[in-house]
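Scroll down for the structure; my scribbles are underneath it.
The values are calculated or read from the model by the stated rules, or taken from the named source; none is laboratory data. These figures come from a predicted structure and were not determined experimentally. We place every Cβ from the backbone using ideal geometry, glycine too, and count neighbours over all the protein chains shown. Surface accessibility is based on the protein's heavy atoms, side chains included, excluding ligands, DNA and RNA. Shrake-Rupley method; radii C 1.70, N 1.55, O 1.52, S 1.80 Å.
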2 protein chains.
Amino acid sequence: MRTIIIGGVAGGMSAATRLRRLDESMEIIVLERSGYVSFANCGLPYHVGGVIPERSALLLQTPQSLARRFGLDVRVHHEVIALDPSRKTVTVRPPGAAEPTELTYDALVLAPGATPVQPPIPGIDRALALRDVEDTDALVAATAEARTAVVIGGGFIGVEMAENLVHRGLQVALVEATAQCLAPLDPEMVAPVHATLVERGVDLRLDTAVAAVDATGVTLGNGHRLPADVVIAAIGVRPDSRLAAAAGLEVGERGGIVVDEFCRTSDPAIYAVGDAVVKKDAQDGSDVLVPLANTANLQGRRVADVIAGAGAAVRPVLGTAIVGVFGLQVGSTGWNEKRLRASGRPYRAIHTHPSDHAGYYPGATTIALKLLVDPANDAILGAQGVGTAGVDKRIDIIATAMAGGLRAAELADLELAYAPQFGSAKDPVNMLGFVDENQVRGLSDTVQWHELDAALADGASLIDVRTPGEFAAGSIPGAVLIPVDELRDRIIDLPAGPLVVHCAVGIRGHLAAMLLRQQGREVRNLDGGYRTWAAGMAASQARESASGAHG
Amino acid sequence: MRTIIIGGVAGGMSAATRLRRLDESMEIIVLERSGYVSFANCGLPYHVGGVIPERSALLLQTPQSLARRFGLDVRVHHEVIALDPSRKTVTVRPPGAAEPTELTYDALVLAPGATPVQPPIPGIDRALALRDVEDTDALVAATAEARTAVVIGGGFIGVEMAENLVHRGLQVALVEATAQCLAPLDPEMVAPVHATLVERGVDLRLDTAVAAVDATGVTLGNGHRLPADVVIAAIGVRPDSRLAAAAGLEVGERGGIVVDEFCRTSDPAIYAVGDAVVKKDAQDGSDVLVPLANTANLQGRRVADVIAGAGAAVRPVLGTAIVGVFGLQVGSTGWNEKRLRASGRPYRAIHTHPSDHAGYYPGATTIALKLLVDPANDAILGAQGVGTAGVDKRIDIIATAMAGGLRAAELADLELAYAPQFGSAKDPVNMLGFVDENQVRGLSDTVQWHELDAALADGASLIDVRTPGEFAAGSIPGAVLIPVDELRDRIIDLPAGPLVVHCAVGIRGHLAAMLLRQQGREVRNLDGGYRTWAAGMAASQARESASGAHG
């Protein structure tokens, strides 16, 4: 039996090596378009930036090492130009060969990955993209003498590229067509990331289109011009499904190869995995494209099991992801608020700003965490985190809780490893559970940063329960200062009617709200406090000023 | 209504503040034996070591700050000397008062914590312990001029104290009565921790009793003598249940106060939380003492809910814990192998040695992970981890998976946040799932480090599939070297009969085992490879040499 695998990186190579472990006798041929297999895809930007100094570190395996260890027939520079499901053949053009050759297969695995999107912008051909080792080499060469760079697109890759080009000493502009970078995050969560990019010298242009690219720079939609010795296109990726589509395999609306839960395409002998395929969303079962390395690797393993005769189904995806941005950890799992709102799905949002570890132990830093919860059944719908430490851990814990079907309030009961250098006796994840539990029990009611204006317009009064020093350093317009420690003695000073209370992060505000509610007052606590509100305002102002520049 | 809370640290103060949020009108009196409340219990050793330089950092709240913010009546230096459940009174001796006074309560919360165990050793009175701020002050004073210290007891506190005394520049001996420190870990997992202690200059004496303490040092059971300007007793803690027992409340065999899942003692108006109470084990519902800050804090919150009229049950405990040891993170959750074996409960053990993050990204370090699984239903029974980074995260993920009822094989499907600086596309937790899945499916069979001798005695041959260089640097006696990359061509060189294969950590061994099994060979892979075996041998030798010294 012969299995041919098209694509020799994450999903394809996981399939190939697993298949060999399961079946010593199978002929396994891996056909890779580029000159490299098993390379460190997610490390490419960091080699451009010199963070991973040795190019060889990116090359985890070679065709030779894979032949020795796994008995794989790995052929690089082998682009498959056609496949014929009816005859079970692929047509491939070996390097240097005059004619293409045909290979027959018993099983075929498509693992072609995704292609960088090239938007229809005049001159965009000049822009470099980052997909493989060759692209990386080209980028390293192009940036060697460059002083200025424009990165088009503020997604994960664009932001990683911007950081790494700064590491290389370039002046970098990052141009993003929407009002925010890093789409998996909500605007108030990404605001500190924007601030960090700007602090580190990135010329960040949000809500800004690129009109044209030419030999010396980029012209923006607003007419401004950015000089650029190097232009990088990182607008996003689309499934590399040309071959599948040309062969008549079913392809989804957004270009992804359609597969069932066993990674089977519409042809019974052809499987597909990784960034090229349509996945099922864990929340609603809808079709989604989730170009993530961990998903690709797992699918590669699972498809090998299926081909070898005993495969488990691939689960719907949450889409847990993380990116580093100049020392910030920016992570997310599940759905964000934007998506929940767009889909009309009810939700509750919870914002907290805990320390990554006990505040009394040196080096503690603040994390911004956000949890999204289904108000009907307290299911966890998603989470986001931004901070310099401990975000990966909390996102992973929440993703695991989601996989285990824990309700949000059950986060309170999680027993997490505590010593002061690693966490808190009440871990940030426990705290999310405490806040949720209070809401489930009807003990507390919150107002979101973007709902505050409407609440005040409806006649609520805003009480700032922080200290005078905090108030002086920045306050919400219209807020009346009554420090929480004075509140019991100053009930009489409170305005009549509904109240919104707030503190810096929500904790003192919660105490104040509990206190006032017991006085018979109608009161809500500003979720996430001044800090979340200020981040939300920064996000809104970025959008408005960008809109102004457009207008 | 008046609630009196005895003990003003983790569980007691969590109860007090939560109770106030729930009920503004309740009179809440906190009686604290020592001079401080809400202090950073888990930070005390680090202040002794100067890691937390400011003493004030340990003092999170004062009676005054708690009065202002929470309207609590907090009385320090108030030792309760008796309680009378029939009259609902506590008898307390205020500082400086000639006579004790009596206070009545409607509800009483016992949160007295645990007391350091003082073993019956001549001269032990000289030894200092570490329970509260006063103890910490005494230790700081005692170590100021000291050059030598002996720490008796290698539990979490003893090991933390040994490290921190080294930070202060003392010559430190750590004397542990059993064959290993850090009892929650199994011996092969703790071996690298022992090595680290020795490398950092700690004179580590395992399997060693202390016969006597005198003014200048410590005499060991084996007759050796250790000089000691300071002696610290950290043998362990026992529930501080004297008051409860004297009042006729039900107390468990090991001295813990017996409570139900709502933290109610045998008296309907008296509750108890924290280190002083008996908890239910999550695995088998048995009575356990788990003196951990996170459990105490959660119980404090829950008991307040109960007293206020709407409390949820406290869950049985896994006992997730972590300790730092000279930069090593040493974590665990659930049951260990020792306990499983002692209880006669069937289990499978899995050892891995993954990198904390992608190996190609700078700074990756190796973690030792161990997973314990129920062979009947694939339930996760426990996990342990040792390494310099990322252990806390993996233990927390596994603890969360256990809380969510995930089977071990389902760890394979977890979607964990991946970027090369934070993890791997196949995270260490996913890898545990892969290994388990192979065992569940009968694809692989392993032999544990401590079973190897018996397997070889039974006639199995041992094949080392590492490289000649690795073999030369250290090998298992009797192993025949056949590198995995040569195995397919050297099947004929293999001895007849059953085989055990091994590599450094288990991955190449797995490939070799899969390959040989398909050749019809009876083969097992040494779980965790040479690394786990060597750690197990180090643990065994420590035990034997200690026994020799005794004999």
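Loop-located trypsin sites (Lys or Arg not before Pro) across the stretch B:1-106 with a Cβ neighbour count of 11 or fewer within 10 Å are B:Arg87, with loop assigned by DSSP. Near A:Gly390, within a Cβ-to-Cβ distance under 13 Å, what is the net charge of the other residues, with Lys and Arg +1 and Asp and Glu -1? Value of the local net charge: -3.
Shielding of peptide B:397-407 by partners, expressed as the average count of other chain Cβ atoms within 10 Å per residue Cβ, is 6.
All other residues with a Cβ under 12 Å from the Cβ of B:Gly49 taken together, and with Lys, Arg as +1 and Asp, Glu as -1, what is their net charge? Computed value for this residue: -1. Taking the Cα centre of the stretch A:182-322 as origin and assigning +1 to Lys and Arg Cβ atoms and -1 to Asp and Glu Cβ atoms, the resulting dipole is close to 280 debye. Once the Cβ-Cβ distance of A:Asp73 and B:Ala457 is raised to the sixth power relative to R0 = 60 Å, the FRET efficiency obtained is 0.90. Closest approach of a chain A beta carbon to the axis mapping chain A onto chain B (residue, whole Å): A:Gly404, 1. Taking 0.36 nm per residue of separation and subtracting the Cα-Cα distance, full extension of the segment from A:Gln518 to A:Ala473 would add 13.2 nm. With respect to chain B, whose longest principal axis is taken over its alpha-carbon atoms, helix B:529-550 is tilted by about 60°. Relative to the dominant Cα principal axis of chain A, helix A:133-144 is inclined by about 60°. Entry note, chain B: the mean residue ellipticity at 222 nm calculated from DSSP H runs of n ≥ 4, each adding -39500 (n - 2.57), is -8500 deg cm²/dmol after division by the residues and rounding to the nearest 500. FRET efficiency for the B:Glu486 to A:Arg147 pair, using the beta carbon distance and R₀ = 51 Å, is estimated at 0.45.
Summing both sides, how much accessible area is buried between A and B? Use a 1.4 Å probe and give Å² to the nearest 100. Buried area (both sides, nearest 100 Å²): 7400 Å². Using a probe radius of 1.4 angstrom, the carbon and sulfur fraction of the accessible surface of chain A is 52%. Counting only protein chain heavy atoms and rolling a 1.4 Å probe, the accessible areas of A:Glu337, A:Glu261, A:Glu522 rank, largest first, as A:Glu522, A:Glu261, A:Glu337. Ligands, DNA and RNA are left out, and with a 1.4 angstrom probe the accessible area of the stretch A:124-235 is 36 Å² per residue. What separates the Cα centres of the stretch B:370-434 and the stretch A:1-38 is a distance of 27 Å.
Among the protein heavy atoms, those of A:Glu199 account for about 140 Å² of accessible surface (1.4 Å probe, every chain in place).
At a threshold of 40 Å², the residues of the stretch A:306-336 that become less accessible to a 1.4 Å probe in the full protein assembly than in their chain on its own are A:Arg315, A:Ile322.
Distances from A:Asp229 to itself in the other copies, using label points 7 Å out along the Cα-Cβ axis, amount to 6.0 nm in increasing order.
For the stretch A:53-97, a decrease in accessible area of 40 Å² or greater in the assembled protein chains relative to the isolated chain, with a 1.4 Å probe, applies to A:Arg68, A:Arg69.
Position A:Pro119: other-copy label points at 7.1 nm, ordered by increasing distance, label point 7 Å along Cα→C-beta. Sequence-ordered 3J(HN,Hα) estimates for the stretch B:95-100 from the Karplus curve with 6.51, -1.76 and 1.60 and θ = phi - 60° stand at x, x, 7, 6, 10, x Hz, glycine and proline given as x. Which FRET efficiency value, to the nearest 0.05, is calculated for A:Arg225 and A:Ser86 with the Förster distance at 56 angstrom and r the Cβ-Cβ distance? Calculated transfer efficiency: 0.55. Give the angle, between 0 and 90 degrees and rounded to the nearest 10, that separates the Cα long axis of helix A:293-307 from the longest principal axis of the Cα atoms of chain A. It is inclined by approximately 50 degrees. Placing a label point 7 Å from Cα along the Cα-to-Cβ direction at B:Ala144 gives distances to the equivalent points in the other copies of 6.3 nm, listed shortest first.
Net charge in the neighbourhood of A:Val202 (other residues with Cβ under 14 Å of its Cβ; Lys, Arg +1, Asp, Glu -1) is -2.
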